[in-house]
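To start, the structure under review is shown below, and the notes come after it.
Derivation of every value follows stated rules applied to the coordinates shown; laboratory data play no part. Keep in mind the model is a prediction, meaning the values are calculated, not measured. Every residue, glycine as well, gets a Cβ built from its backbone with ideal geometry; the counts of neighbours run over all protein chains shown.
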């Protein structure tokens with residue numbers, strides 16, 4: 001890398017995971033594994049480990065905006081990844097910043113449902129997500145419970161995923177990568193089937209289903225897409241490569257804490273060459 005030529009950077013606006021498995025920490029590891037310089041603006045701080053979350057603190061939105069502005073003031077940002085945005089005020093602050101700075105790509109991981117199935121966003125925040133952030137997104141990467149909240153219907157088959165993905169694009173996103181990991185194994189032939197859809201059509205991405213309980217996969221997938229976009233890939237290519245990266249990182253996953261969940265092996269899965 002030529003030091004006289006500043007690299008294109010990726011910015012994550014998300015929550016911090018003190019346990020290092022998800023959130024900002026997973027995002028920055030993913031950027032580094034792809035040899036993309038990572039920037040961060042903390043939208044929430046969590047006290048958590050491999051057994052759960054014990055506390056959450058949401059910084060003042062003026063400070064969040066100051067972090068975002070500082071990044072855009074000094075770095076060439078090729079893509080922004082959005083993760084945990086705790087409430088409507090935070091969502092509006094982030095949307096205002098994105099409308100001001102206009103980054104080339106925005107990858108939105110709409111963190112709305114916890115691993116246990118609990119809804120994380122209040123109605124006002126969900127409405128703000130639909131109205132302010134999704135129309136700014138180059139790509140949104142919901143899992144099935146999140147997609148169900150966004151489109152207001154159950155999604156229990158691959159065919160239902162195909163119908164939902166068009167409804168999701170109707171909310172204003174340029175493209176959608178609908179993650180199928182929550183689909184019953186019987187409905188997906190023992191595979192995990194993710195669906196990508198943009199103006200050029202739909203594309204199914206299949207990987208063998210792994211019987212693992214892992215932490216940070218959604219954060220990692222969206223960050224890998226953002227990194228790939230910074231490297232010049234097209235949306236579909238970036239999305240397919242990101243799913244391959246997550247699958248490889250799961251295969252190398254490890255348990256650093258006393259909980260049963262795996263943390264992804266980011267550098268073992270790093271693209272070669």
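Residue by residue, here is whether (1) more than 24 Å from residue 70 (Cα to Cα); (2) assigned to a loop (DSSP other than H, G, I, E, B) holds:
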| site | (1), (2) |
| --- | --- |
| 85 | no, yes |
| 89 | no, no |
| 92 | no, no |
| 146 | yes, no |
| 159 | yes, no |
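Within region 26-55, the set of residues being touching a helix residue (DSSP H, G or I) at 6+ places or on another chain (Cβ under 6 Å) and assigned to a strand (DSSP E or B) comprises 38, 39, 40, 41, 43.
Evaluate the following for residue 102: is it surrounded by fewer than 19 Cβ atoms within 10 Å (Cβ to Cβ), over 17 Å from the mean Cα position of the chain (by Cα) and within 23 Å of residue 169 (Cα to Cα)? So residue 102 passes the test.
Of all the numbered requirements in (1) out of contact with any strand residue (DSSP E or B) (no Cβ under 8 Å at 6 or more places or on another chain); (2) in contact (Cβ under 8 Å) with a residue 60 or more places away in the chain; (3) closer than 15 Å to residue 181 by Cβ, residue 222 misses one, and that requirement is (1).
For residue 172, the conditions (1) over 30 Å from residue 20 (Cα atoms); (2) more than 17 Å from the chain's Cα centre (by Cα); (3) crowded, with 17+ Cβ neighbours inside 10 Å all hold with the exception of (3). Scanning region 94-114 for residues that are assigned to a loop (DSSP other than H, G, I, E, B) and out of contact with any helix residue (DSSP H, G or I) (no Cβ under 6 Å at 6 or more places or on another chain) gives 102, 103, 104, 111, 114.
Taking the stated definitions as given, is residue 192 under 25 Å from residue 216 (Cβ atoms), without any contact (Cβ under 8 Å) to a residue 40 or more places away in the chain and out of contact with any helix residue (DSSP H, G or I) (no Cβ under 6 Å at 6 or more places or on another chain)? Yes; evaluated as a whole, the condition is true for this residue.
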